[in-house]
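**Q** Please read through the structure below; I'll follow up with questions.
The values are calculated or read from the model by the stated rules, or taken from the named source; none is laboratory data. Since the structure is predicted, the reported quantities are computational estimates derived from the model, not experimental observations. Virtual Cβ from ideal backbone geometry, glycine too; neighbours counted across all protein chains shown. For accessibility, only protein heavy atoms count, side chains too; no ligands or nucleic acids. Shrake-Rupley method; radii C 1.70, N 1.55, O 1.52, S 1.80 Å.
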Number of protein chains: 2
Amino acid sequence: MDRFKSLPVNQLHQLLEGGPTLLVATRGFEGITNIMSMSFHMMIERKRGLIGVVIGTDGYSYEALHDTGQCVLAVPTYDMASTVIDIGNCSGRRIDKFERFGLTPILAESVRAPLIAECMVNIECEIFDRRMSGHYDGFIILRALHVWVDADREERRTLHHNGDGSFYADGEYVDLRDRIQLWNKYRK
Amino acid sequence: MDRFKSLPVNQLHQLLEGGPTLLVATRGFEGITNIMSMSFHMMIERKRGLIGVVIGTDGYSYEALHDTGQCVLAVPTYDMASTVIDIGNCSGRRIDKFERFGLTPILAESVRAPLIAECMVNIECEIFDRRMSGHYDGFIILRALHVWVDADREERRTLHHNGDGSFYADGEYVDLRDRIQLWNKYRK
């Protein structure tokens, strides 16, 4: 846990709005952990750290998420691409995905779902709004409670899923930070 | 228009779930077009082509979008990075952004908002659900009506905004299409 540094929730958009593929970790009341892969997510509100996600009603993660109201969103990197796919290929109903994929659960600070030690970023979340869930097959809004970033990690390229089992990894860095004006004003 | 090929709406997720920065084009009933930059978006439902977006109540695009119920989401590429930032630096209340940035509006098939000829992808959209708009500063759900892809374009790297004026462009292609199993089943 020592290597994870806390990032203010109102800077979370810097990690999520570029669309990295995520892992979602849960732990139900009976103590069983699970992980799923997910690319249907967005920043909804920067200040309150609100994130929209689709976590479908037919997956094993759904029940633990909705029973406990909690999950962890973790950002895997380039070196974990096969694991991301394989996690999506099997169900937590039958296997312990932490054990199967050699991932390490870490106790979170404010939620019962575990952080994933191997991931670059871990975001502790609680359900903020589930009113739309029934209309859109599990679309809910999460609120980020804590954001942990592994600052020492060498591989930092995130994965962007093309919806078919292929990804683009982060490539060239385009630095136009000096050029941005109005966005910064809005984002105070 | 000839160079744009139509893509089935149920394959739209392949273009959007990786989180490319978008341009949003509108045309109000008075005929005035506008463009804004946006990275707060997600796929919500693949089959119906539903997309969540935050288009804030204080921007000039908001009014035309909500009056007409229509917009075009366009995917700019690496070569357009400065334009993406500059479009976010000014308001359509004062300038014609198509003219200022040398972009070409094209008549769409089903909406009054224009396609942007210079973009790799154009998605004609109508508002599908605006019930949450008041709770989350302009969060709405769009439905894609037509998806147009410029198949001949050379530069195809999309931009992933880091929330601060910098981007990562699409980098290394990681092909695990043969490895994916369960996701494909869910996505039938």
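**Q** Just checking, how many residues over the range A:38-65 are open to solvent by 30 Å² or more (accessible area, probe 1.4 Å), away from chain B (no Cβ under 11 Å) and either aromatic (Phe, Trp, Tyr) or under 16 Å from the mean Cα position of the chain (by Cα) (or both)?
**A** Of the residues in that region, 2 qualify.
**Q** So which residues in the range B:42-63 are touching an Asp or Glu at 6+ places or on another chain (Cβ under 9 Å) and without any contact (Cβ under 8 Å) to a residue 40 or more places away in the chain?
**A** Those that are touching an Asp or Glu at 6+ places or on another chain (Cβ under 9 Å) and without any contact (Cβ under 8 Å) to a residue 40 or more places away in the chain: B:42, B:43, B:45, B:58.
**Q** Could you tell me which of the residues B:25, B:74, B:81 is within 10 Å of another protein chain (Cβ to nearest Cβ), open to solvent by less than 10 Å² (accessible area, probe 1.4 Å), out of contact with any Asp or Glu (no Cβ under 8 Å at 6 or more places or on another chain) and outside any loop (DSSP other than H, G, I, E, B)?
**A** B:81
**Q** Hey, another quick one. Is at least one residue of the range B:89-107 farther than 27 Å from residue A:180 by Cα, among the basic types (Lys, Arg) and surrounded by fewer than 20 Cβ atoms within 10 Å (Cβ to Cβ)? So that I can check it myself, show each step before the final result.
**A** Filtering the range B:89-107 down to residues farther than 27 Å from residue A:180 by Cα leaves B:106-107.
Next cut, among the basic types (Lys, Arg) only: none.
No: zero hits.
**Q** Given the conditions (1) modelled with pLDDT under 95; (2) part of a helix (DSSP H, G or I); (3) out of contact with any Cys (no Cβ under 8 Å at 6 or more places or on another chain), report the number of the one that residue A:61 does not fulfil.
**A** Every condition holds for residue A:61 apart from (3).
**Q** Something else about it: Since residue A:10 meets every condition but one in (1) within 18 Å of residue B:162 (Cα to Cα); (2) open to solvent by less than 20 Å² (accessible area, probe 1.4 Å); (3) part of a helix (DSSP H, G or I), which condition does it not meet?
**A** Unmet for residue A:10, out of (1) within 18 Å of residue B:162 (Cα to Cα); (2) open to solvent by less than 20 Å² (accessible area, probe 1.4 Å); (3) part of a helix (DSSP H, G or I): (2).
**Q** Say we look at the range A:85-101 and pick out the residues that are touching a Ser or Thr at 6+ places or on another chain (Cβ under 8 Å) and farther than 22 Å from residue A:57 by Cβ; which of these is nearest to the other protein chains (Cβ to nearest Cβ)?
**A** Within the range A:85-101, the match that is nearest to the other protein chains (Cβ to nearest Cβ) is A:85.
**Q** Does any residue of the range B:126-139 turn out to be surrounded by 16 or more Cβ atoms within 10 Å (Cβ to Cβ) and of a type in the set (Gly, Ala, Ser)?
**A** yes
**Q** Then there's this: Take the range B:122-142 and flag every residue that is facing chain A (nearest Cβ under 8 Å) and either of a type in the set (Gly, Ala, Ser) or in contact (Cβ under 8 Å) with a residue 12 or more places away in the chain (or both).
**A** Within the range B:122-142, B:129, B:136, B:137, B:139, B:141 qualify.
**Q** Exactly one condition in (1) away from chain B (no Cβ under 14 Å); (2) surrounded by fewer than 17 Cβ atoms within 10 Å (Cβ to Cβ) is false for residue A:119; which is it?
**A** (2)
**Q** A follow-up question, please. So which residues in the range A:31-41 are closer than 11 Å to residue A:112 by Cα and of a type outside the set (A, V, I, L, M)?
**A** Listed by number, the residues that qualify are A:31, A:33.
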